[in-house]
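S.K.: This is the structure, below, for whatever I ask next.
The values are calculated or read from the model by the stated rules, or taken from the named source; none is laboratory data. Just so it is clear, the model here is predicted, and its values are computed rather than measured. We place every Cβ from the backbone using ideal geometry, glycine too, and count neighbours over all the protein chains shown.
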Amino acid sequence: MSNFDVIVLGSGPGGYVTAIRASQLGFKTAIVEKESLGGVCLNWGCIPTKALLKSAQVFEYLKHAEDYGLNAKKVEHDFGAVVGRSRGVAESMSKGVQFLMKKNKIEVLNGFGKVQPGKKVLVKGEHGDTAEYTADHIIIATGARSRELPSLPQDGKKVIGYREAMSLETQPKKMIVVGSGAIGVEFAYFYNSMGTEVTIVEYLPNIVPVEDQDVSKQLERTFKKNGIKIKTSAEVTQVDTSGDGVKATVKTAKGEEVLEADVVLSAVGIKTNIENIGLEDVGIAVDRDKILVNDYYQTNIPGYYAIGDVTPGQALAHVASAEGILCVEKIAGMHVEALDYGNIPGCTYCIPEVASVGMTEQQAKEQGYDLKIGKFPFSASGKAKASGTPDGFVKVIFDAKYGEWLGCHMIGVGVTDMIAEAVVARKLETTGHEVLKAVHPHPTMSEAVMEAVADAYDEVIHL
Ligand SMILES: Cc1cc2nc3c(=O)[nH]c(=O)nc-3n(C[C@H](O)[C@H](O)[C@H](O)COP(=O)(O)OP(=O)(O)OC[C@H]3O[C@@H](n4cnc5c(N)ncnc54)[C@H](O)[C@@H]3O)c2cc1C
């Protein structure tokens, strides 16, 4: 008889959510974790970065207090305290997961887990002690870490990854951020707000390159206005850490230049944690750094599953959680619908925030759609004006023929909380006119969604 019905390897938002759902469904469940419960998301990703960004945003508001008729003279920041607050938030979130494990009667097995043939998991503790467990279903959710480029080896001091970037003891005066995806631009905004001189180096022609080009351009304009230097279509070809700081050689179409900084942050993507976890012993198929799975997260070996960052699909916390829930519901014999990876919202939490779902204008055109596009700037929104945050817009993209909502792209304060409307509407296959006829509250930023849709149908009121 097996020790458990389900063993989950890794306790990130993929693993711990899976374990809870498994327990809810009546499975005797264990979770294996080698570090703190909560994975990258709670300890080194989503949550601590949002705590840092909140400090930066409050600091920015205080610096501009007079815009609101307030007087906040001598506004200063304590970098150590800002980092300390973020670490405290992460710690309390991890404790929250501990509580949830207990509440749901999930056994936590501390140590490094390795899957083995015969539906076994070998767990090696901190002191080298090992124990073997069996389960009917083994779910791999070991996540990922910062990816290292050969031209940018991380030493953790002068060339750093995201973990060091959110726990530095002293604030660098000058920082180069390589890569302008969500992680890169969030740190660029944070450090620039704190007073660090920041240069972003992006290989592709636009920052936040997966976003709609209008959004990328707007973010670039705002960042530049706020003093962040941006080099696009540019590549760091080597770094020299031999002196006091770092010298980074940056290659562009115009030639090469050497930039100097105290620290280079490498934010060029992730590398999955698939080494030494027994995949080869069991014969689990991997392709290009990801574990291969079907629509229900089953690997090629029966009884072994994989979810979250270790699998293809967007490397996002909400994706990992959704995949895990679907995986165990399928194991429980429930009727489940495969996840629609075309309707996953992506959010970036710098200021202005960026949020999007579905196709960009370029993607929709490439797919041959005839489009109806609407745009509503926050400068025409009463709520945005009253809040003193009129930068940004909502852009909506509809298929002109059948009215399908193909994509929604937003930039501005608070948009990461607004994108869910488009996700739900798209899930329910809502057309533009239905959104238009759904009365939105006034004054709210969400009215901009309704107005953008109205603009697409030439019915906009406030433009
Ligand atoms: C700086 C940063 C900011 C981010 N911000 C966001 C955001 O705002 N929103 C968002 O949706 N996503 C964000 N992400 C991405 C998000 O953190 C990941 O997509 C998410 O954590 C993936 O969840 P997971 O469960 O697959 O893996 P992880 O969270 O990586 O968890 C994997 C866990 O497995 C453990 N583990 C690994 N190997 C073993 C082993 N052999 N034995 C035992 N335990 C093991 C690890 O210690 C870890 O705890 C961010 C990422 C970073 C780096």
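S.K.: Got at least one residue in region 147-165 being over 29 Å from His77 (Cα atoms), basic (Lys, Arg), within 16 Å of the ligand (Cβ to nearest atom) and in contact (Cβ under 8 Å) with a residue 40 or more places away in the chain?
M.R.: Scanning region 147-165 turns up at least one residue that is over 29 Å from His77 (Cα atoms), basic (Lys, Arg), within 16 Å of the ligand (Cβ to nearest atom) and in contact (Cβ under 8 Å) with a residue 40 or more places away in the chain.
S.K.: Among the residues of region 4-29, which ones are surrounded by 24 or more Cβ atoms within 10 Å (Cβ to Cβ) and more than 7 Å from the ligand (Cβ to nearest atom)?
M.R.: If the condition is that a residue be surrounded by 24 or more Cβ atoms within 10 Å (Cβ to Cβ) and more than 7 Å from the ligand (Cβ to nearest atom), then Val6, Ile7, Val8, Tyr16, Val17, Thr18, Ala19, Ala22, Thr29 are the ones that fit.
S.K.: Identify the single condition in (1) surrounded by 23 or more Cβ atoms within 10 Å (Cβ to Cβ); (2) more than 11 Å from the ligand (Cβ to nearest atom); (3) aliphatic (A, V, I, L, M) that Leu42 does not satisfy, given that it satisfies every other one.
M.R.: Leu42 satisfies all of (1) surrounded by 23 or more Cβ atoms within 10 Å (Cβ to Cβ); (2) more than 11 Å from the ligand (Cβ to nearest atom); (3) aliphatic (A, V, I, L, M) except (2).
S.K.: Run down Lys290, Lys217 and say which single residue is out of contact with any Gly (no Cβ under 9 Å at 6 or more places or on another chain) and among the basic types (Lys, Arg).
M.R.: Lys217
S.K.: Continuing with this model, one more query. Scan the helices (runs of 4 or more DSSP H) fully inside region 339-446 and keep the ones with 1 or more residues being under 29 Å from Lys50 (Cβ atoms) and over 27 Å from the mean Cα position of the chain (by Cα).
M.R.: Of the helices (runs of 4 or more DSSP H) lying wholly inside region 339-446, those with at least 1 residues that are under 29 Å from Lys50 (Cβ atoms) and over 27 Å from the mean Cα position of the chain (by Cα) span 382-387, 432-437.
S.K.: Would region 193-208 turn up any residue that is within 16 Å of the ligand (Cβ to nearest atom), of a type outside the set (Val, Ile, Thr) and under 20 Å from the mean Cα position of the chain (by Cα)?
M.R.: no
S.K.: Still on this model: I'm checking my understanding of the structure. Among residues of region 313-326 that are farther than 14 Å from Thr142 by Cβ and in a helix (DSSP H, G or I), which one is nearest to the ligand (Cβ to nearest atom)? Give the steps one after another, and end with the answer.
M.R.: The first filter runs over region 313-326 and keeps only residues farther than 14 Å from Thr142 by Cβ, leaving 313-314, 316-319, 321-322, 325-326.
From what's left, in a helix (DSSP H, G or I): 317-319, 321-322, 325-326.
On the way: Ala317: 4, His318: 5, Val319: 7, Ser321: 8, Ala322: 11, Ile325: 12, Leu326: 14 Å.
Ranking the candidates gives Ala317 first.
S.K.: Would you please list the contacts, defined by Cβ atoms under 6 Å and residues six or more apart or on different chains, that run from a residue in region 339-361 that is of a type in the set (Asp, Glu) to a residue that is part of a helix (DSSP H, G or I)?
M.R.: Glu353/Val415; Glu353/Thr416
S.K.: Taking the stated definitions as given, is Val177 within 24 Å of Ile344 (Cβ to Cβ), within 16 Å of the ligand (Cβ to nearest atom) and not in a helix (DSSP H, G or I)?
M.R.: no
S.K.: Within region 327-353, track down each residue that is acidic (Asp, Glu) and within 11 Å of the ligand (Cβ to nearest atom).
M.R.: To start, the set of residues in region 327-353 that are acidic (Asp, Glu) comprises 329, 337, 340, 353.
The answer is Glu353, and nothing else.
S.K.: Which of the helices (runs of 4 or more DSSP H) found entirely inside region 1-74 contain at least 3 residues meeting this: basic (Lys, Arg)?
M.R.: By residue number, 46-63.
Condition check ((1) closer than 25 Å to Asn343 by Cα; (2) surrounded by fewer than 21 Cβ atoms within 10 Å (Cβ to Cβ); (3) out of contact with any strand residue (DSSP E or B) (no Cβ under 8 Å at 6 or more places or on another chain)) across all residues:
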{"position": "Lys229", "(1), (2), (3)": "no, yes, no"}
{"position": "Val236", "(1), (2), (3)": "no, no, no"}
{"position": "Leu279", "(1), (2), (3)": "no, no, no"}
{"position": "Ala306", "(1), (2), (3)": "yes, no, no"}
{"position": "Thr311", "(1), (2), (3)": "yes, no, no"}
{"position": "His318", "(1), (2), (3)": "yes, yes, yes"}
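S.K.: In this structure, is Ala248 surrounded by 16 or more Cβ atoms within 10 Å (Cβ to Cβ), within 29 Å of Glu197 (Cβ to Cβ), within 16 Å of the ligand (Cβ to nearest atom) and at pLDDT 95 or above?
M.R.: Numbers: surrounded by 16 or more Cβ atoms within 10 Å (Cβ to Cβ): yes; within 29 Å of Glu197 (Cβ to Cβ): yes; within 16 Å of the ligand (Cβ to nearest atom): no; at pLDDT 95 or above: yes.
No.
S.K.: Let me ask something additional. Restricting to region 180-192, count the residues that are away from the ligand (no atom under 11 Å from the Cβ) and assigned to a loop (DSSP other than H, G, I, E, B).
M.R.: Total satisfying the criteria: 1.
S.K.: Does Asp129 meet the test of being free of Cβ contacts under 8 Å to residues at least 24 places away in the same chain and either surrounded by fewer than 16 Cβ atoms within 10 Å (Cβ to Cβ) or not hydroxyl-bearing (Ser, Thr, Tyr) (or both)?
M.R.: It is true that Asp129 is free of Cβ contacts under 8 Å to residues at least 24 places away in the same chain and either surrounded by fewer than 16 Cβ atoms within 10 Å (Cβ to Cβ) or not hydroxyl-bearing (Ser, Thr, Tyr) (or both).
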